[in-house]
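Below is one structure, written out as structure tokens; comments come after it.
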Amino acid sequence: MPILLQVLDLGGTFVFAISGAMVAVRHRLDIFGVLVLAFAAGNAGGITRDLMIGAVPPAAIAGLTYAGVSALAGLITFLWYPMTNRLRNDVRWLDAVGLAFFAVAGAQKALAHGIDPVMAALLGMVTGIGGGMLRDVLVSDIPTVLRADLYALAALAGAGVVVSAHLLHLSPMLAAVAGGGVCFALRFMAIRHGWHLPTSRSMPASDAPHRRHRDEGR
């Protein structure tokens with residue numbers, strides 16, 4: 001079980017660290033900024049999960065392994081950005097794989113620490129989306145998870161499968177494969193077919209000036 005969790009965690013860390021580094025390069029940050037965003041994207045979700053379940057110090061800062069994986073991903077992206085930029089569509093698929101890894105690992109680690117199954121599923125989702133949210137906030141963007149196609153819901157679904165398998169006393173490996181498969185399948189369909197949750201209706205352009213004047217008069 002610890003080996004499975006570490007493999008899933010490190011795999012997700014590397015993939016999300018690449019996504020963080022690519023965002024940093026696109027915003028023309030220096031090498032230090034690239035490494036910071038790589039670490040933030042790759043580890044924020046896992047650190048949040050570990051702090052919430054009492055697994056301290058968090059795995060990401062308990063040693064050099066996670067920082068080393070994040071730094072490697074950041075350096076690869078920084079040094080060979082023209083190549084990684086050409087592969088940005090492929091990175092979207094890698095991001096889906098990373099989301100599946102983190103959702104499964106987050107839920108399984110929460111369950112291993114005796115967390116309630118419902119909360120374990122939510123922590124699996126937090127593990128998957130936490131890094132991307134911090135990455136976007138650091139570059140002053142609205143987090144992708146709040147405005148894009150199915151993302152958090154895919155992570156929650158994958159984590160929910162893991163929790164269900166745990167309640168049915170199925171093997172952790174089977175739970176990981178099934179949960180990761182569900183999460184990736186939902187992201188695949190969302191990317192391929194543009195699936196997304198309903199959004200609020202935009203304010204009509206004719207109403208915008210009147211609304212602005214009302215707000216200014218308050």
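The values are calculated or read from the model by the stated rules, or taken from the named source; none is laboratory data. In this text, all values refer to a predicted model and were calculated from it rather than measured experimentally. Glycine also receives a Cβ, built like all others from the backbone with ideal geometry; neighbour counts cover every protein chain displayed. With ligands, DNA and RNA removed, areas are computed over all heavy atoms of the protein, side chains included. Shrake-Rupley method; radii C 1.70, N 1.55, O 1.52, S 1.80 Å.
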Q) For the pair His196 and Asp141, what calculated FRET efficiency results from E = 1/(1 + (r/R0)^6), where r is the Cβ-Cβ distance and R0 = 25 Å, to the nearest 0.05? A) 0.90
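Ordered by packing density, taken as the mean number of other Cβ atoms within 10 Å over each peptide's residues, highest first, how do 111-118, 13-20 rank?
Numbers: 111-118: 15.6, 13-20: 27.4.
Going by the mean number of other Cβ atoms within 10 Å, highest first, we get 13-20, 111-118.
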Q: Place +1 on the Cβ of every Lys and Arg and -1 on the Cβ of every Asp and Glu in the chain, take the dipole about the Cα centre, and give the residue among Leu5, Leu79, Val126 whose Cα lies farthest towards its positive end.
A: Leu79
Q) With the other protein chains left in place, how much accessible area per residue, in square angstrom, belongs to the chain at a 1.4 angstrom probe? A) 53
Q.
What is the angle, in °, between the Cα long axis of helix 31-53 and the longest principal axis of the Cα atoms in the chain? Nearest 10 is fine, range 0 to 90.
A. 60
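Calculate, in nm to one decimal, what Leu64 and Leu79 gain on full extension: separation in residues at 0.36 nm each, minus their alpha carbon distance. Please list the in-between numbers first.
Numbers: separation 15, 0.36 × 15 = 5.40 nm, distance 2.16 nm.
That works out to 3.2 nm of additional length.
About the Cα centre of the chain, how large is the charge dipole given +1 on each Lys and Arg Cβ and -1 on each Asp and Glu Cβ? Please answer in debye to the nearest 20.
On the way: 16 positive and 12 negative charges, 104 e Å.
The dipole magnitude comes to about 500 debye.
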